[in-house]
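This report concerns only the one structure given below.
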Protein chains: 2
Amino acid sequence: MAEDGNLHIGNSNYNGEEEADPENNTMNQPLLKRHRTLSSTPLALVGTKVSHIESLDYEINENDLFKHDWRSRSKAQVFQYIFAKWTLACLVGLLTGLIATLINLAVENIAGYKLLAVGYYIAQDRYLTGLLIFTGANLGLTLVATILVVVFAPTAAGPGIPEIKAYLNGVDTPNMFGATTMIVKIVGSIGAVAAGLDLGKEGPLVHIGSCIASLLGQGGPDNHRIKWRWLRYFNNDRDRRDLITCGSASGVCAAFRSPVGGVLFALEEVATWWRSALLWRTFFSTAVVVVVLRAFIEICNSGKCGLFGKGGLIMFDVSHVEVRKGKIHKVLLSLSVSLFTSVCLYGLPFLAECKPCNPLIDEACPTNGRSGNFKQFNCPNGYYNDLATLFLTTNDDAVRNVFSSNTPNEFGMVSLWIYFGLYCILGLITFGIATPSGLFLPIILMGSAYGRMLGTVMGSYTKIDQGLYAVLGAASLMAGSMRMTVSLCVIFLELTNNLLLLPITMFVLLIAKTVGDSFNLSIYEIILHLKGLPFLEANPEPWMRNLTVGELVDAKPPVITLRGVEKVANIVDALRNTTHNAFPVLDGEDVDNGAGTELHGLILRAHLVKVLKKRWFLNEKRRTEEWEVREKFTPVELAEREDNFDDVAITSSEMQMYVDLHPLTNTTPYTVVQSMSVAKALVLFRSVGLRHLLVVPKIQASGMSPVIGILTRQDLRAYNILQAFPRLDKHKSRKLR
Amino acid sequence: MAEDGNLHIGNSNYNGEEEADPENNTMNQPLLKRHRTLSSTPLALVGTKVSHIESLDYEINENDLFKHDWRSRSKAQVFQYIFAKWTLACLVGLLTGLIATLINLAVENIAGYKLLAVGYYIAQDRYLTGLLIFTGANLGLTLVATILVVVFAPTAAGPGIPEIKAYLNGVDTPNMFGATTMIVKIVGSIGAVAAGLDLGKEGPLVHIGSCIASLLGQGGPDNHRIKWRWLRYFNNDRDRRDLITCGSASGVCAAFRSPVGGVLFALEEVATWWRSALLWRTFFSTAVVVVVLRAFIEICNSGKCGLFGKGGLIMFDVSHVEVRKGKIHKVLLSLSVSLFTSVCLYGLPFLAECKPCNPLIDEACPTNGRSGNFKQFNCPNGYYNDLATLFLTTNDDAVRNVFSSNTPNEFGMVSLWIYFGLYCILGLITFGIATPSGLFLPIILMGSAYGRMLGTVMGSYTKIDQGLYAVLGAASLMAGSMRMTVSLCVIFLELTNNLLLLPITMFVLLIAKTVGDSFNLSIYEIILHLKGLPFLEANPEPWMRNLTVGELVDAKPPVITLRGVEKVANIVDALRNTTHNAFPVLDGEDVDNGAGTELHGLILRAHLVKVLKKRWFLNEKRRTEEWEVREKFTPVELAEREDNFDDVAITSSEMQMYVDLHPLTNTTPYTVVQSMSVAKALVLFRSVGLRHLLVVPKIQASGMSPVIGILTRQDLRAYNILQAFPRLDKHKSRKLR
């Protein structure tokens, strides 16, 4: 038993018992079914489109050229880099603040004129004309939003937060952060929110913030990039990750005017990797956002922004998996949701009784304008319609009204039930449509409804304000669905501007999250799963401790390696026959037998393609000098990520030439020994932020390849492993934390 | 050149130039001076005592027994573990809140009676008696605090925050979290703060919170541990780390009544590793703290707490490196600082002019009691002494007075200069004394002084309140010295209860931190360095990219390995002749030649000692069955960390027997290949939280040892590497971020 060298999981196999338990298995009894292989489809749902997804390279690619480039950077350049980093953080904040203001202004004005017109006809008792105008305007706005999304940018549908979360975890989804997506998202958000649909602008703002960050980092849209010299430092996934984190924090800050909340949201909900320096930089961005917002609010308060009210309280958002249908189908779906919403919002208030105005309250009552807490609607003077107060207004104002304090019994129980029921239904049917949509607002609307109901019931027993109940209801539903705690607490703190609510908010959040956690995952994680984005969880599954990376590698096709000085034909073969993004490079005396004795490193596909495109071929088999490489390639070129070489025609004589891969090889890839458990390999993979993890053999012997396999994100996902090793599934649910 | 296999850093050596630049060096020209070795002294300053320090084992030790233990855990036990985790988090919050209340009450009452007595004599113009009572009481209180620290718990001196920071980074300092330390810290804090020294109770509260967490996790003080079954799950460094993080957050929360601030402080300033689950658990702890504090404040406001005023505003703390002197010396130093402080606080107010009370202000003026914003002191009725208002009160009240708003020109310019100057001097001389001492408060006192001065100067030009200037001054000095941003912002937000201050506070903090960063490290990092604690920084030095771990290993003595089935004599030798904490275990056919062909894993010193103590020896050289091991060792025993085996007498016949190390070996240690750069190895080491990192060879060949070295925290510290490779020093200052 001692000789086979595989006895690395001591267990009861010696007793000949317990063989049925897969957790007791060792390498002596491979779990592997040879006909099964670890496979994965690199496809996922991005927005409403099925896309090919890729992993990101966060690892520093330490090859000769990189090292030379780094060494040759002067102090001035290092300073330039730091300066650029902070300038970009500032610009992200500035632009996010400006765009958020723009969206707010547009929504408030469009919805405002719409509501004014409707109010005008209602005051004249011309209810049908009112309905037609209301419905017509909403349909038109929905149409604009949907057409834009369906035709120009399918990735702009939904909130975008799950995709950002996946990006920061290391999964790239194409067209997610482009200029078209951003513009469609801005205009689409304005349309969808102004149309009174049950969705918010908060999620889209987070996405817009991330788009701004990404575009700034790469110097503009894909086709018109500015080639500023200092921007080249940001042409890598690490710096882009930091920028997008800043962008998402700025978006939340712009949505809720909550700078600390924005930072915490990015930390708690979105980001996978975090470091102290980033805390400080995101905080800078959100500080800029809040200053911009405050400046515009000052201007608007002096009446220069048209119908701009107090808009700006905003929420969260998610799209469903109602897709893969035709474009017309998507547009029709949006329009019917819009129609249903409009009819309900307009028609249901007729069911409510008119309530007399309370003379003890200072606020105007009844009102018939754009906003106001006591809408007259169909009631006589001196009376107001409580449902109209909640329905015939913008969603932001509806939330403000239901949160309003010192107005006990403003809303009747029946009205609150209708309000709650309607938003449950609208929430369910609205998430799937092809417009930018936020999940925060629908959840706040729903949560505030049951909170206010509870407040009305408890009204006779306690002196606690009913508005506070509504706030706590909204907080509890958000914590229960999104599982945010600290960030949500700070956002509510900054929204309500009342520190005394802090302890009670904290406890409501704690209870809601605990209850939610005992049932299912958070809504974002469910969406990530539904969309098929290969998100790597923070904690490995317990059964991963009983599987070694060696077993995983055995279940994969053999690894394809290249030699340090390789024939062009072999490189072309490797590129054509696989889609692998990196190949191990081996060196040593036995190298011609196919198995080198020494691991030189890892070469990226993009760099191999670059070599072919540049035709950097050698006539004889030799190592090159460093100046030869530096003459041919610049670090900027190597940072570009292109892997299409269909247009490269290589002659058959060129096929017999050689390439020296050494200078382009990353000589310091991360490795694990064959006997490492999958659990610990996953911890390494995720903590360090890898794309490839090389597996090296445990036994030291000649003639053996120094690399036995290569693991990627897909290989380490629990779901994929269970497909190949179904017996492990038994204890799937046994989770330590 | 291609054959030597070492050409892994392509560079200009081919050109025969640039040989003088160490950054261009490769393994062909070893930087290594053979007579130099990587060495380190595992000694550091803990409190006021020089101690032997150790690293912590955060890595999961996957050996057979551990795996069996984990597999045998039932669902009920897993639930027990989760339940215990949350119960402990709750208890940490509860106890920290209670102890913070206790300290507050004690300080307020002791200082209150002292100040009342002094006020009584001053009112009678018996100034000398007042001075004697004031000085005498302060000396007595200082004596108590110092004696306790010097005699019983030298580790209780200072704030303790740097040591906590080091602990969470993976450095264990002995006696830091014991029961004695905690009790001395509590009593000592009360004494030192009540004595009116220029120090705060905030740092000590953070330390006390961590002590509570650590003691709860291990079931009580070292000698009287409760052996509850479920506590055994917490007998490892990982869970202890999480608990101590909760404890430190609770401490900050208790100090500032700022729950979110506490969480952010732990995240930003103290913790090295962080995960989402921890955010949520620390938040739970701080929520409990804030409820406890609020409950007691309610009780105290109804007058049941003696002289308890509004005490509770608290700050930060650090001790200096004035040590290694005798005990008497330390006591005398404390007493003379106390004497100087008392005389200054009592005498300087005589220099101030009496100012007439402003009849427009509601507050009582003048007062002569324990607290109050306008102290009469030596002035006639209707007048107050502004310096006495700042000096003859508790530090907390002094801060409250200098922050007071709507009291323009309360303090004269001369008085503010005296106040500023005195606290600069006191701050410098107080930090070194052997009492528990916080750094927050002295910094707030100093910062608020110059803030208020600026406010007085600007008073004629702006309408901004002078109290706000004082708050911003304090915030700026804290950000400039401690480099906290987000957490400080939230703490000030929660302290001042004014959200409108947020944007301006943010900008003051950003500027202060930026200015500070351009000059030196934060005060905690400086203290960590001075104390010699081997803290691992988040970012590797740039020159580490040009050094491989292979070169580092070459500079160390050869690694000592054990065989899978090893002779007792060899084990005893290894333990006696080294202080290493772990040894690689090798297996394979060549194993008797000293070099095995296969890496089985890593065995801990503690487990080897356990084997010797239990005399688990075999007569012949064979592998054991799993039941044999399980009969002999329990997982609880293996979790204990003892490495003293002086009392184990092994006979010479036993010396010739064998031990099967396989079942106790961690089969999944993390490894790096020889050619890995030190920079990337350091990233791995810190991200995953390792204690040992094995270096495996790059070349695959028979007869070669599968482990060429082992790296620890000390080997990866920049300072130690530069000692062994001085030529790298040239570009030391060139830092990318």
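The values are calculated or read from the model by the stated rules, or taken from the named source; none is laboratory data. The shown structure was predicted, so the numbers you read here are calculated from the model rather than taken from an experiment. Note that we place each Cβ from the backbone using ideal geometry, even for glycine, and neighbour counts take in every protein chain shown. The accessibility values were calculated without ligands, DNA or RNA, using every heavy atom of the protein model including side chains. Shrake-Rupley method; radii C 1.70, N 1.55, O 1.52, S 1.80 Å.
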Diffusion coefficient in µm²/s returned for segment B:254-309 by Stokes-Einstein, Kirkwood Rh over C-alpha pairs, 4 °C and 1.567 mPa s, is 103
At q = 0.11, 0.14, 0.16, 0.21 1/Å the base-10 log of I(q)/I(0) from the Debye formula over the alpha-carbon atoms of segment B:439-575 is -0.60, -0.77, -0.91, -1.25
Taking Rh as the Kirkwood radius computed over alpha-carbon pairs of chain B and applying Stokes-Einstein at 10 °C with viscosity 1.306 mPa s, one gets a diffusion coefficient in µm² s⁻¹ of 56
Across A:483-490, the residue-averaged tally of Cβ atoms belonging to other chains within 10 Å stands at 4
Here the whole-number average of other chain Cβ atoms within 10 Å per Cβ of A:621-634 is 2
Kirkwood calc, segment B:39-197, C-alpha pairs only, radius in angstrom 19.5
Label points for residue B:358 built 7 Å along Cα→Cβ; distances to same position in the other copies, nm, shortest first, come to 3.9
Phi-derived 3J(HN,Hα) across segment A:243-258 with the Karplus relation (6.51, -1.76, 1.60, θ = phi - 60°), rounded Hz, x for Gly and Pro, is 5, 5, 4, 4, x, 5, 4, 4, x, 4, 4, 5, 5, 10, 6, 10
Sorted by chain and number, the residues with a modelled amide H under 5 Å from that of residue B:435, at a separation of 5 or more or across chains, are B:158
Of A:238-251, B:247-260, A:654-667, B:283-296, ordering from highest average Cβ density within 10 Å down gives B:247-260, A:238-251, B:283-296, A:654-667
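Might you report the magnitude of the Cβ-based charge dipole of segment B:94-203 about its Cα centre, with Lys and Arg at +1 and Asp and Glu at -1, to the nearest 20 debye?
Its charge dipole is roughly 120 debye.
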Residues hit by the 40 Å² burial cutoff in segment A:519-547, accessible area with a 1.4 Å probe, assembly against chain on its own, are A:545
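How large is the convex hull of the C-alpha atoms of the protein assembly as shown per residue, in Å³?
Values: hull volume 278.0 nm³, N = 1474.
Convex hull of Cα atoms, per residue: 189 Å³.
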Over chain B, with neighbouring protein chains present, the accessible area per residue in Å² at probe 1.4 Å is 36
Relative to chain B, whose Cα atoms define the longest principal axis, helix B:127-147 and its Cα axis are tilted in degrees, nearest 10, by 10
So the carbon and sulfur contribution to the accessible area of the protein assembly as shown, 1.4 Å probe, in percent, is 59
Highest mean packing first, using Cβ neighbours within 10 angstrom, the peptides A:353-362, A:91-100, A:573-582, A:530-539 sort as A:91-100, A:530-539, A:573-582, A:353-362
Residues whose modelled amide H sits under 5 Å from the amide H of residue A:601, counting only those 5 or more places away in sequence or on another chain, are A:585
Sequence order, segment A:384-398: Karplus ³J(HN,Hα) from phi using 6.51 cos²θ - 1.76 cosθ + 1.60, θ = phi - 60°, Hz rounded, Gly and Pro as x, gives 9, 9, 5, 6, 4, 4, 8, 9, 8, 7, 6, 4, 4, 5, 4
Here the Cα Rg-to-2.2 N^0.38 Å ratio for segment A:121-191 is 1.57
Here the averaged projected area of segment B:154-235, based on the convex hull of its alpha-carbon atoms and given in nm², is 5.6
With Rh as the Kirkwood radius over Cα pairs, segment B:633-724 has Rg/Rh of 1.06
Note: A vs B interface, total accessible area buried (1.4 Å probe; ligands, DNA, RNA excluded), nearest 100 Å², is 9700
Sorting from shortest, the nanometre distances separating the label point of residue A:136 (7 Å past Cα along the line to Cβ) from those of the same residue in the other copies are 9.4
Whole-Hz Karplus couplings 3J(HN,Hα) for segment B:298-304, θ = phi - 60° and coefficients 6.51, -1.76, 1.60, Gly and Pro as x, run 4, 4, 5, 5, 8, x, 9
Inter-copy distances for residue A:414, nm, shortest first, label points 7 Å along Cα→Cβ, are 7.8
For segment A:63-114, one quarter of the surface area of the C-alpha convex hull, expressed in nm², comes to 5.3
Once amide hydrogens are built 1.01 Å from N within the peptide plane, the residues lying 5 or more places from residue B:582 or on another chain with amide H under 5 Å from its amide H are B:605
Shielding of A:671-679 by other chains, given as the mean Cβ count within 10 Å, works out to 5
Residue A:511 neighbourhood, Cβ < 13 Å, K/R = +1, D/E = -1, net charge +1
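Determine one quarter of the surface area of the Cα convex hull of segment A:376-478, which equals its mean projected area, and express it in nm² to one decimal. Before the final figure, lay out each step's value.
Values: hull surface 27.7 nm².
Approximately 6.9 nm², given one-decimal rounding.
Hey, can you rank B:384-394, B:131-141 by average C-beta count inside 10 Å, highest first?
B:384-394, B:131-141
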